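Q: Mind looking over this structure? Questions follow.
The values are calculated or read from the model by the stated rules, or taken from the named source; none is laboratory data. None of the values given here were measured: they were computed from a predicted structure. FYI the Cβ positions are ideal-geometry reconstructions off the backbone, even for glycines, and counts take in every protein chain you see.
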Amino acid sequence: MNRLTIFIAIAAALLLSGCATVFNGTTETVKFSSDPPQAEVLIDGRPACKTPCALELSTRAPVQLAITRPGFQTFDLTLQREVNLWWIAPDLMFGGILALLIDGVLESWYTLHPSPIRVALSPQGFPEPSTLMPPPTELEMRQDKELELLGGIFERGIIGIGGSATLGFYLSPEVILELTTDASASLFIPPLTGQIGFYTGAHFKAFSEGSLYFTAGGGFQQTFGQFQFDDSSPFNDGGTVGVRLTDIGPRFGIGNQWQDDTLTVSVEWFSLFIPVHTQSLQIDDLSGSQAAPQRDAILSELDSALRPTLRLLHVQLGLSF
């Protein structure tokens, strides 16, 4: 089997596999905690662990559990199977209808509910029974995370679209340091037309309340486009020249990020890159005695435009662990 055949086989396997089958499978890690701790977790009547702990449980059938501790009332619960709708969007985005069918047949969409399990145990003889505590907040869901891997799409400028990849490091549950790279194309962002842009940068994602976050950072952006001379310009008789720019500047944004255990969904409603320094400028097809004044004219108009880049509805899906 030659290298091309191997490559095609691997690519086909990745494209035909459902996202939930690859990342979720038919088991789920369920975390258990109790107040007080060191309570025994029984799965189908058999001792499994002592709180706080985590167990890998099958999602193919409901799970009977009990949490018990000497001197306290036993807590009984059945974990029910539910379809996790969070996996449908990644399936449609990366695998299409075939991925939906694969995950449906293999039952990879299912999750156990409720999860995680947090129980407040009541002492024996106490009138109130042992109860299930409320689900963790967004802050608590990020409590034990260290890394995030995200990929997504966004709208750029007036008529444009782009894709992104992000690697994040959790400095705390409230702050993530993210390294981001993206590529985009836009038909028209004055004074350039037919733009292709590449951005690489680092920024801090700081959470305010729950899922709301603000981002601040910076990086450099490369832009390839066509500069259109005005019809009244003495240069090029209203023609176009190719322009390549490398800008440096800050980037700011606001959005929301939600956690479902490891699955992460981020929606940055808007972000703005503002160039404050042009590191390099290259203009194609400029030669002869008019090259210098043409270059000066282009620089003047580009500087006055500032070339801010607006990204809208930046949707990212990925994993945090």
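Q: In segment 112-151, how many residues are farther than 16 Å from Leu177 by Cα and among the basic types (Lys, Arg)?
A: Result for segment 112-151: 1.
Q: Do you know which of the residues in segment 136-158 that are assigned to a strand (DSSP E or B), more than 13 Å from Phe321 (Cα to Cα) and not small (Gly, Ala, Ser) is farthest from the chain's Cα centre (by Cα)?
A: Looking at residues that are assigned to a strand (DSSP E or B), more than 13 Å from Phe321 (Cα to Cα) and not small (Gly, Ala, Ser), I get Arg156.
Q: If a residue must be assigned to a strand (DSSP E or B), without any contact (Cβ under 8 Å) to a residue 40 or more places away in the chain and surrounded by fewer than 16 Cβ atoms within 10 Å (Cβ to Cβ), how many such residues does segment 23-52 contain?
A: Number of matching residues: 6.
Q: Can you confirm whether Ile67 is modelled with pLDDT of 90 or more and either surrounded by 15 or more Cβ atoms within 10 Å (Cβ to Cβ) or not in a strand (DSSP E or B) (or both)?
A: So Ile67 passes the test.
Q: Follow-up question, since we're still on this one. List the number of the failed condition for Leu272; all other conditions in (1) at pLDDT 90 or above; (2) farther than 19 Å from Phe220 by Cβ; (3) aliphatic (A, V, I, L, M) hold.
A: Here Leu272 clears every test but (2).
To keep it simple, each residue is scored yes or no on (1) modelled with pLDDT of 85 or more; (2) under 30 Å from Ser172 (Cβ atoms); (3) of a type outside the set (Ser, Thr, Tyr); (4) surrounded by 13 or more Cβ atoms within 10 Å (Cβ to Cβ).
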{"site": "Asn84", "(1), (2), (3), (4)": "no, yes, yes, yes"}
{"site": "Asp91", "(1), (2), (3), (4)": "no, no, yes, yes"}
{"site": "Phe94", "(1), (2), (3), (4)": "no, no, yes, yes"}
{"site": "Leu98", "(1), (2), (3), (4)": "no, no, yes, yes"}
{"site": "Leu106", "(1), (2), (3), (4)": "no, no, yes, yes"}
{"site": "Pro114", "(1), (2), (3), (4)": "yes, yes, yes, yes"}
{"site": "Ala120", "(1), (2), (3), (4)": "yes, yes, yes, yes"}
{"site": "Pro127", "(1), (2), (3), (4)": "yes, no, yes, no"}
{"site": "Pro134", "(1), (2), (3), (4)": "yes, yes, yes, no"}
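Q: State all residues of segment 53-64 that are farther than 24 Å from Glu128 by Cα and surrounded by fewer than 18 Cβ atoms within 10 Å (Cβ to Cβ); if no residue qualifies, say none.
A: Of everything in segment 53-64, those that are farther than 24 Å from Glu128 by Cα and surrounded by fewer than 18 Cβ atoms within 10 Å (Cβ to Cβ) turn out to be Cys53, Ala54, Leu55, Glu56, Ser58, Arg60, Ala61, Pro62.
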